[in-house]
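Every number in this text was worked out from the coordinates using simple rules, so none of it is lab data. Quick caveat: nothing in here was measured; it's all calculated off a predicted structure. Cβ placement follows ideal geometry from the backbone for every residue including glycine, while neighbour counts extend to all protein chains displayed.
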Amino acid sequence: MPTTEESTPPLPTDEPIGAQDNAAADAVGAIDEPFVVTVAGDGLSPAVRRLVRQYDLDITGIHGTGPEGRIRVGDVIGMLGPRAEQAVRGVTTPRPAPLEADDNDVELPTEESTPAAAAAATPATAAAPMPAPATAAPITTVFECDLARVLAHRKRLRADKVELLLTSYFVAAYVEALSAVPELAVGAAPCIGIELTTAEGDSRPLRLDVGGIAAEPPGERARTIDAALRLSLGADLTNASLLVHHYGASGSLIATPTPIGAGHVASLGVGRVRREIVLRNVDGDETPRVTTRCHLSLSFLPEHVTLARANLFLAHAVRLLEQWPE
């Protein structure tokens, strides 16, 4: 499989800023655009603070689901009950500069050279019964995810001439989370369709038949998924049971629902990876650290999926990504 070792810059890890001074080129890579720096002095993101002020919430008793108990948007939305739909539509975040070339520069085979080009000649799996038409507007819940361990794992694989799509890590986490919240994917045999959007706005459709992949260890599962996705480039997503919209270097829809497929009950969104500086308490001292994050969103029809179950799904996926095995 061709790699992009030479063309893709190394990725930053969650290290103290001082430790990165002598390895800036290796930790940051060649980046032409400035990046947005967010200093979370009170531990709250701008979106969380906005919700707290808007709804006059007392969050002192909340134990956040983020790293070190950080309160996320999803945690605050969980307090709002019937006001949740209005809240998520009011959450906005700044558009950051891209962290890296991401999956848009990873070499993929052309559509003509993949098995997906012959999909029309392959009998499609019988479609499962579809849910009744939606009677309520979709709701979107958003979680923030620290990708330091995922990016460190990806960088180690590059040293061994192995190149995995970043998309493969997200899909590996979603496959495992589906075992905890299976109602997000319609049908008995889940099939995940991925819309990978480039910085130019072009769409690269990918497809994964889940099967028994969830039983594999995370590292092996990501490799299995990566191979399947590369072979599926240009696939027809008509019979997919759950759609993932990975916006890669082109940004992400955060406060509005990602498109939900016909007959589906939910869809997933993955935003652009960005660098941030955060203050972390280390032995009683607040130490600034550079970290890498992205937003994960889940849009769902409330008559089929509850907010609690939607948050459970994203929490499960985020936990796996943030604790990715060494």
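A few points about this structure:
- The stretch 150-204: C-alpha gyration tensor shape, a/c 1.5 cut-off, then a/b vs b/c: oblate
- Shape of the stretch 179-271 from the C-alpha gyration tensor: oblate (a/c of 1.5 or more and a/b not above b/c, with a ≥ b ≥ c the square roots of its eigenvalues).
- A Förster radius of 41 Å, combined with the Cβ-Cβ distance separating Leu237 from Asp285, puts the computed FRET efficiency at roughly 0.25.
- Gain on full extension, evaluated as 0.36 nm per residue between Ala137 and Tyr55 minus their Cα-Cα distance, stands at 27.4 nm.
- Pair Thr256, Val162: separation of 7 Å Cα→Cβ label points (nm): 4.0 nm
- P(r) histogram, all alpha-carbon pairs of the stretch 206-326 included - 5 Å bins from 0, percent: 2, 9, 13, 19, 22, 16, 9, 5, 3, 1, 0
- Ala227-Ala180 pseudo-label distance in nm [points 7 Å out on the Cα-to-Cβ vector]: 2.8 nm
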